[in-house]
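Worksheet: the structure to be examined is printed underneath.
Every read-out reported here was derived from the displayed coordinates using simple, explicitly stated rules and does not represent laboratory data. What you see is a predicted model, and the numbers here were worked out from it, not measured in a lab. Heads up, the Cβs are rebuilt from the backbone with ideal geometry, glycines too, and the neighbour counts pull from every protein chain shown.
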Amino acid sequence: MTLTKKGETKPAPASWGLTTRGGKVPWEYAPAPEATDHVEIQSEYGLFIDNEFRPSRPRASFEVINPATEERLARVARASKADVNRAVTAARRAYDTTWSRLPGSERAKYLYRIARILQERSREFAVVETMNSGKPIKESRDVDVPLAAAHFFYYAGWADKLDYAFPNREPRSLGVAAQIIPWNFPLLMLAWKIAPALAAGNTVILKPASTTPLTAYLFADVVLQAELPPGVVNIITGPGEIGMELVKHPQVDKVAFTGSTQVGKMIARAVAGSHKKLTLELGGKAANIVFDDAPLDQAIEGIINGIYFNQGEVCCAGSRLFAQESVYEPLLEKLKDRLSTLRVGDPLDKNTDVGAINSAGQLAKVEELVQSGIAEGAEIFQPDCQLPDRGFFFRPTLFTGVSQSHRIAQEEIFGPVLSVLTFRTPEEAIEKANNTPYGLSAGVWTEKGSRIFKMVSAMRAGVVWANTFNRFDPTSPFGGYKESGYGREGGIHGLGAYLDLAPNGTNGR
Ligand code: NDP
């Protein structure tokens with residue numbers, strides 16, 4: 001089936017030129033909008049069950065908009081409880097009759113095919129992702145889509161080597177996996193979930209976030225193109241309660257969720273006491289720690305990438321910067337200068353650094369937390385850039401004078417907002433960094449290798465980056481401690497999460 005309808009590109013207003021603290025720079029960027037004429041978005045999408053797009057029963061749908069323009073992109077079906085049952089039944093049938101019976105080498109062929117099609121259609125995916133999520137095209141083009149393809153390539157390689165991946169174990173697929181994903185990396189989270197599940201021999205039902213279902217439905221087209229057997233991949237859309245119906249369905253054997261800690265806890269309660277295996281990837285409040293021997297210019301780029309990448313809507317965002325007191329002043333000055341060069345605006349413009357916040361609701365949450373920072377006495381800095389008239393935009397922001405008890409230092413903002421704090425000794429940095437209910441990621445900037453090792457082992461974070469930030473690779477496991485969830489995605493760990501790994505001789509083989 002074809003998914004095409006001409007998209008529209010609004011030329012970027014000339015007023016999106018840079019300003020710096022010292023005044024306006026003497027030149028402007030010309031608009032560089034990505035073409036959208038190779039993309040077609042259907043006016044309406046049905047649920048993808050058994051390799052067919054079907055209307056929900058009873059028929060119901062909801063609107064999906066472009067957060068940068070607030071214009072409607074499409075309507076998508078709103079699944080009912082009966083639709084959840086249909087999707088699970090299709091996945092169960094496909095598991096029992098085809099997918100679990102295929103040799104790993106055959107499953108691998110399908111995964112390689114998906115990876116290659118994603119690469120071939122990468123421009124189309126990047127544009128749709130940007131239009132639907134608000135993220136800058138240079139990120140969807142250079143990060144989201146290539147990484148999604150890389151995950152399918154990586155897990156394709158494991159599909160026929162499960163026995164080697166887990167020595168002295170008898171790896172067996174689990175059955176039907178229910179996968180619920182958020183709106184910040186819609187295609188990439190889909191790949192993180194679907195690739196290992198299929199490689200391990202499971203079938204899936206994916207529920208994308210209600211604001212960002214379009215690349216998932218475009219992926220359904222890839223499933224058809226790759227000729228996967230019907231029912232192996234099913235995609236349904238609907239509100240959170242439909243996600244919960246999926247989680248609770250008795251025929252589901254595995255649940256994988258990425259999203260808020262609040263919903264993660266509800267899901268943990270819902271599967272408690274059942275046979276279902278669960279992976280939770282939840283929120284974060286990462287510390288990015290800069291020591292006085294760090295290469296400061298390099299650290300600035302890491303700090304910027306850490307918190308303003310994807311508008312800060314990143315679970316592992318480096319939202320708390322800890323600067324050693326002796327470099328606080330020069331670091332802050334460089335940071336403010338660099339912040340003032342970020343281009344905020346049309347996500348489809350290839351020069352845009354910070355795009356649109358994903359929804360009006362998320363923008364309101366960011367605004368509320370920023371107001372709390374001001375009310376609690378922190379000092380706000382925002383560059384003097386002009387925001388587009390329409391769409392959900394927010395200036396890249398940093399706060400100084402932040403104390404550990406401020407809400408902006410404790411709560412996940414999920415927006416382009418950095419809290420700057422200071423420390424004197426490594427011990428103080430560790431104590432402050434760990435003073436959060438979360439434990440997903442952290443960053444350390446220092447020239448000393450021994451200090452890196454000390455910090456990495458002392459910080460309660462699933463991923464610690466040294467002299468870099470927000471680096472992802474399909475071979476590396478990702479996941480958290482404490483309220484950031486449990487289980488790992490990526491690497492062999494991510495494969496194990498979709499397998500029963502009974503010791504040799506105990507699985508009846
Ligand atoms: P949610 O956790 O509500 O949404 C994530 C996914 O879960 C979506 O597909 C959502 O569906 C679904 N969902 C919502 N409620 C339920 C439920 N009761 N049972 C099963 N599934 C459910 O995140 P929000 O979009 O509401 O964002 C709120 C905050 O969560 C953000 O501000 C941010 O702090 C954090 N967050 C963290 C993410 C991360 O990667 N760790 C990702 C997204 C958000 P639907 O879209 O239909 O509501």
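Would you confirm, using the coordinates I've provided, whether F322 is surrounded by 21 or more Cβ atoms within 10 Å (Cβ to Cβ) and either more than 26 Å from the chain's Cα centre (by Cα) or in a loop (DSSP other than H, G, I, E, B) (or both)? First the steps, then the outcome.
Values: surrounded by 21 or more Cβ atoms within 10 Å (Cβ to Cβ): yes; either more than 26 Å from the chain's Cα centre (by Cα) or in a loop (DSSP other than H, G, I, E, B) (or both): no.
Spelling it out, it is not the case that F322 is surrounded by 21 or more Cβ atoms within 10 Å (Cβ to Cβ) and either more than 26 Å from the chain's Cα centre (by Cα) or in a loop (DSSP other than H, G, I, E, B) (or both).
Name the single residue, out of those in the stretch 272-294 being assigned to a loop (DSSP other than H, G, I, E, B) and within 12 Å of the ligand (Cβ to nearest atom), that is surrounded by the fewest Cβ atoms within 10 Å (Cβ to Cβ). I'd like the intermediate steps shown before the answer.
First pass over the stretch 272-294, keeping only residues assigned to a loop (DSSP other than H, G, I, E, B): 272-276, 282-286, 291-294.
Add one more test, that the residue is within 12 Å of the ligand (Cβ to nearest atom), and what stays is 282-286.
Details: L282: 26, G283: 22, G284: 29, K285: 28, A286: 32.
Taking the candidates together, the pick is G283.
Mind listing whichever residues of the stretch 411-433 are surrounded by fewer than 17 Cβ atoms within 10 Å (Cβ to Cβ) and in contact (Cβ under 8 Å) with a residue 60 or more places away in the chain?
Filtering the stretch 411-433 down to residues surrounded by fewer than 17 Cβ atoms within 10 Å (Cβ to Cβ) leaves 424-425, 427-428, 431.
Correct list: R424 only.
For A299, only one of the following conditions fails: (1) crowded, with 18+ Cβ neighbours inside 10 Å; (2) farther than 22 Å from G496 by Cα; (3) near the ligand (Cβ under 10 Å from one of its atoms). What is its number?
The one condition A299 does not meet is (3).
Tell me which residues, restricted to the stretch 260-273, are in contact (Cβ under 8 Å) with a residue 12 or more places away in the chain and polar (S, T, N, Q). So that I can check it myself, show each step before the final result.
As a first pass, look at the stretch 260-273 and keep what is in contact (Cβ under 8 Å) with a residue 12 or more places away in the chain: 260-261, 263-264, 266-268, 270-271.
Hits for the stretch 260-273 are S260, T261.
Looking only at the stretch 436-472, which residues are within 17 Å of the chain's Cα centre (by Cα) and on the phi > 0 side of the Ramachandran plot?
N470
Scan the stretch 245-259 residue by residue and report those that are touching a residue at least 40 places away in the same chain (Cβ under 8 Å) and either near the ligand (Cβ under 8 Å from one of its atoms) or assigned to a helix (DSSP H, G or I) (or both).
From the stretch 245-259, those touching a residue at least 40 places away in the same chain (Cβ under 8 Å) are 245-247, 249, 251-259; that's our starting set.
Selection gives E245, L246, V247, F257, T258, G259.
With the structure loaded, tell me whether D144 is within 16 Å of the ligand (Cβ to nearest atom), in a helix (DSSP H, G or I), within 22 Å of I114 (Cα to Cα) and in contact with a Ser or Thr (Cβ under 9 Å, 6 or more places away or on another chain) or whether it fails that test. Give the steps one after another, and end with the answer.
Working: within 16 Å of the ligand (Cβ to nearest atom): yes; in a helix (DSSP H, G or I): yes; within 22 Å of I114 (Cα to Cα): yes; in contact with a Ser or Thr (Cβ under 9 Å, 6 or more places away or on another chain): yes.
Against the criterion (within 16 Å of the ligand (Cβ to nearest atom), in a helix (DSSP H, G or I), within 22 Å of I114 (Cα to Cα) and in contact with a Ser or Thr (Cβ under 9 Å, 6 or more places away or on another chain)), D144 qualifies.
Out of T446, T475, which single residue is surrounded by 21 or more Cβ atoms within 10 Å (Cβ to Cβ) and of a type outside the set (D, E, K, R)? Walk me through it before giving the result.
Details: T475 fails: surrounded by 21 or more Cβ atoms within 10 Å (Cβ to Cβ).
Among T446, T475, only T446 is surrounded by 21 or more Cβ atoms within 10 Å (Cβ to Cβ) and of a type outside the set (D, E, K, R).
Which one is farthest from P250 (Cα to Cα), of the residues in the stretch 158-207 that are of a type in the set (S, T, N, Q) and surrounded by 21 or more Cβ atoms within 10 Å (Cβ to Cβ)? Explain how you work it out, then say what you get.
As a first pass, look at the stretch 158-207 and keep what is of a type in the set (S, T, N, Q): 168, 173, 179, 184, 202-203.
Among the residues that remain, those that are also surrounded by 21 or more Cβ atoms within 10 Å (Cβ to Cβ) are: 173, 179, 184, 202-203.
On the way: S173: 17, Q179: 15, N184: 29, N202: 16, T203: 15 Å.
The extreme case among them is N184.
Considering only the stretch 382-484, give the strands (runs of 3 or more DSSP E) lying wholly within it that have at least 3 residues that are more than 16 Å from the ligand (Cβ to nearest atom) and under 21 Å from P295 (Cα atoms). Walk me through how you get there before you give the answer.
Details: elements: 397-400, 417-423, 441-445, 463-466.
Passing ranges, in order: 417-423, 441-445, 463-466.
Look at the stretch 325-373 and say how many of its residues are farther than 25 Å from L73 by Cα and either of a type in the set (S, T, Y) or assigned to a helix (DSSP H, G or I) (or both).
24
In the stretch 218-241, how many residues are surrounded by 22 or more Cβ atoms within 10 Å (Cβ to Cβ) and within 14 Å of the ligand (Cβ to nearest atom)?
Count: 4.
Scan the stretch 184-204 and report the pairs whose first residue is in contact (Cβ under 8 Å) with a residue 24 or more places away in the chain and whose second residue is among the basic types (K, R), with Cβ atoms within less than 8 Å and a gap of 6+ or a chain change.
Cβ pairs passing all conditions: A197/K254; L198/R107; A199/R107; G201/R107; G201/R172; N202/K254; T203/R92; V204/K193.
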